[in-house]
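Working notes, structure below.
Values in this text are rule-based calculations from the coordinates and carry no lab data. None of these values were measured; they are calculated from a predicted model. Here Cβ is always computed from backbone atoms with ideal geometry, including for glycine, and neighbour counts include all displayed protein chains.
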Amino acid sequence: MRRMKRFATPIALLALIPACARHAAAPPPPQAATDHATLEHITHLSPTVISGSEPVTDADFELIRAMGAQTIISVDGATPDVERAKKFGLRYVHIPIAYSALNASEEVQLERAAHEIPGTIFVHCHHGLHRGPVAAAVIYAAETGCSGADAAQKLYDAGLPRKYEALHQSLEAFLPGTRILPDPKAVGPLPEIAQRDSLTLAMADIDRSWERLGAARKNNWQPPPDHPDVVPAHEAAIFAELFRETNRLHLADADADMRTRMTHAERFAWALNAALEASDHAAANTAADAIAQSCTDCHNIHRNN
Ligand code: HEC
């Protein structure tokens, strides 16, 4: 068994950290956006805990550095761009979380981040609306001694939505300092790239491709203006392959309903590909609507949120 060390009892920890209210100072004014930065929903929970969307361009990483961060935490399923972050002197830590309630190990990892990572932290998921802000709020609570409920209120005051009931409830119930944290010397530092459940990773890829297709659809099935390299028919083929690969590689032992649904999603994706090859936009729209429905239906039944 791994050796566990109690960092401090909850009471002692509370004595060490200043009262929650003292950290309620106004966040610094937003920084001027760098050219071509795509970061969205930048939310300052405190001067040292910031959340937002996934950094994609060099300008995004520059902007994160300009906000004073030395460390980026991704709570998204996709593999973080560790190498690009390094170019900007930024370190990545990967703590993927789902849209469902935070589990004990996720809370422990986030609380470890609050204690083990010095300086300013930028926390992101994909869009910076749900999982990233919730994780940032847990880190903020763990750093300041605020309750999860107080931290959650800061998110809502900043205009962020409370959409995923279980996820937000687990934040609101979070109390810092009540879990026993492992000794980093025994378990090693927080990971740059977390070992992921392969289905979650595959879904993150499917989600990215689906988003590119959505942008193409908005542009009348032409390459989206901000992604001129995306050829819609080709993207649809990649998308269909992702479903096929997910079924083949990651769902061999899954239940029959899940596999059937994944096969149906793949079939709709090939229909989309064929419609786009034929420049039949009406058929493409029909196929895309069927795909959207298959995402929702499968998530309702098989995704735990
Ligand atoms: C056949 C079932 C099925 C279909 C179809 C499906 N998904 Fe999923 N999806 C899942 C399951 C199951 C999970 C939860 C995986 C896990 O355990 O983390 C998931 C998780 C996700 C996640 C969360 C990944 C993360 O980082 O935690 C995203 C995003 C996602 N799906 C997007 C999509 C989109 C977009 C579509 C349609 C284009 C789609 N999915 C179609 C079953 C499905």
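In a Gaussian network model over the chain where Cα atoms closer than 10 Å are linked, find which of ASN103, ASN247, ASN219 has the largest mean-square fluctuation.
ASN219
Compute the whole-percent fraction of alpha carbon pairs in the range 198-302 spaced more than 25 Å apart.
Value for the range 198-302 (Cα pairs over 25 Å): 17 percent.
Once whole DSSP H runs in the chain are found, which of them have Cα atoms spread over 24 Å or more along the helix axis and a mean Kyte-Doolittle score of at least -0.5?
Helices passing the filter in the chain: 198-218, 256-277, 281-302.
Arrange the following residues from fewest to most other Cβ atoms within 10 Å of their Cβ: LEU242, LEU63.
Going from sparsest to densest Cβ surroundings: LEU242, LEU63.
Can you put GLU40, GLU235 in order, fewest other beta carbons within 10 Å first?
By the 10 Å Cβ count, ascending, the order reads GLU40, GLU235.
How big, on average over all directions, is the shadow cast by the Cα convex hull of the chain, in nm²?
In nm², the orientation-averaged hull projection of the chain is 17.0.
Compare PRO184, PRO96, PRO55 in a GNM of the chain, Cα atoms joined below 10 Å, and give the one with the largest fluctuation.
PRO184
Quick query: amide H of GLU40 versus all other amide H atoms, modeled in the peptide plane; which residues come in under 5 Å with a sequence gap of 5 or more or a different chain?
Correct list: SER53.
In the chain, what percentage of the DSSP-assigned beta bridges are antiparallel, given to the nearest 5?
Antiparallel bridges: around 25 percent, rounded to the nearest 5.
Can you put CYS125, CYS298 in order of Cβ neighbours within 10 angstrom, beginning with the fewest?
CYS298, CYS125
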